[in-house]
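Structure record follows, encoded as structure tokens.
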Amino acid sequence: MFTRLRSLPFAVVLTMVLRKSVKSLQCIVNETMHGLCLEEVTASAYSQARYKLKHTAFIELNQKAIVDVLYQDEDFKKFWGKRILAIDGSKIRLPNTQEICDTFGTIAYSQGLDSDVQGEHPYALGSVLFDVLNRVAIDATLAQANAYEVDLAIAHLAHTRCGDLLLMDRNYPSYRMLATLLKNERDFAIRCSAASFGVARRMLKGEGADSQIVTLRPCAEQMPMIRAFGLPETLTVRFVRVLLSTGEFEVMVTSLLDETGYPSDDFLALYGLRWGIEIDQPCCLHKSVLRKLLHRFCDWFYPGTINSSQFT
């Protein structure tokens with residue numbers, strides 16, 4: 001029986017992709033092959049093999065080698081006995097090729113608010129589900145530039161479990177988001193903006209108690225959508241106000257109604273944990289998301305187009 005012996009099997013190609021180096025592609029290939037005691041190949045051969053690699057390989061590698069290993073027992077960091085998972089999204093400017101533009105879309109730019117549109121750049125919206133205490137990206141996705149952050153956040157819920165506490169920033173606390181979380185039995189603490197719910201606006205002005213349990217209802221315009229998604233038409237949530245060191249108030253809406261079990265004073269420390277994703281998110285987006293994209297569009301991966309050190 002004839003069996004082809006490949007010079008660049010899957011494990012070797014993946015090893016080269018995951019290497020961190022600013023050297024030329026041929027140098028990386030040579031060093032890797034020598035280190036593995038394998039016959040040298042050309043950079044072109046590696047590029048062709050890499051193009052055949054599915055982006056799902058990185059999703060499975062992250063899941064099996066990192067996420068599953070970390071959570072296989074209870075020996076990981078928690079807050080209030082819960083995993084603290086932050087969700088955040090960010091616009092990412094992409095290389096300007098027609099294929100990229102057609103796939104992800106573009107955003108117009110100008111020199112200022114009052115100036116005419118100068119042109120368009122291709123962008124994507126990256127979204128990450130990140131364990132802020134253990135610094136692990138559990139899930140990441142790259143969507144079209146005009147995607148809705150709440151839609152991407154809801155998609156991340158498939159990678160969460162009961163007992164998690166989800167942190168989100170001011171772009172997320174819509175009625176639909178809260179209703180979806182409660183329907184899926186996911187706890188949350190989400191920062192509210194001055195344009196958010198009425199009770200949050202008043203609390204940001206210093207009015208009322210620091211902890212208030214409130215029943216929310218969707219506005220008339222939202223009701224058809226809420227019913228179409230099969231979401232509850234009333235929600236009981238808690239609004240908690242914290243005082244920052246700057247003297248400013250921040251208000252969070254949460255599913256944790258028990259003041260005794262989850263004291264208002266502790267929400268200041270919880271609020272501070274969200275900065276974990278702000279600091280690590282650029283790294284997560286480059287590592288977890290862009291690798292998927294780079295293997296859909298091979299031209300991106302040529303040296304000099306994007307510094308390889310961003311992705312390893």
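The values are calculated or read from the model by the stated rules, or taken from the named source; none is laboratory data. Since the model is a prediction, treat every value here as computed from it, not as a measurement. All Cβ positions, glycine included, derive from the backbone under ideal geometry; neighbour counts span all protein chains shown.
One line per residue, one yes/no per condition, for (1) over 16 Å from residue 253 (Cα atoms); (2) among the polar types (S, T, N, Q); (3) in a strand (DSSP E or B):
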position	(1), (2), (3)
101	yes, no, no
125	yes, no, yes
140	yes, no, yes
156	yes, no, no
176	no, no, no
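Answer yes or no: is there a residue in segment 3-25 that is in a loop (DSSP other than H, G, I, E, B), small (Gly, Ala, Ser) and either in contact with a Leu (Cβ under 8 Å, 6 or more places away or on another chain) or surrounded by 13 or more Cβ atoms within 10 Å (Cβ to Cβ) (or both).
yes
Does any residue of segment 158-166 turn out to be surrounded by 14 or more Cβ atoms within 10 Å (Cβ to Cβ), within 19 Å of the chain's Cα centre (by Cα) and closer than 23 Å to residue 225 by Cα?
no
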What are the residues in segment 45-60 that are part of a helix (DSSP H, G or I) and more than 18 Å from the chain's Cα centre (by Cα), if any?
45, 46, 47, 48, 49, 50, 51, 57
Expected output for segment 174-200 (first residue closer than 15 Å to residue 239 by Cβ, partner hydroxyl-bearing (Ser, Thr, Tyr) and at pLDDT below 95, Cβ below 7 Å, 6+ apart or cross-chain) is 190/172
For segment 114-149, what are the residues that are more than 29 Å from residue 83 (Cα to Cα) and either crowded, with 19+ Cβ neighbours inside 10 Å or among the hydrophobic types (A, V, I, L, M, F, W, C) (or both)?
117, 122, 123, 145
Against the condition of a type outside the set (Lys, Arg), more than 19 Å from the chain's Cα centre (by Cα) and at positive phi, how does residue 81 come out, does it pass?
yes
Residues of segment 78-108 satisfying the condition of being surrounded by 12 or more Cβ atoms within 10 Å (Cβ to Cβ) and farther than 20 Å from residue 125 by Cα
78, 79, 80, 82, 83, 84
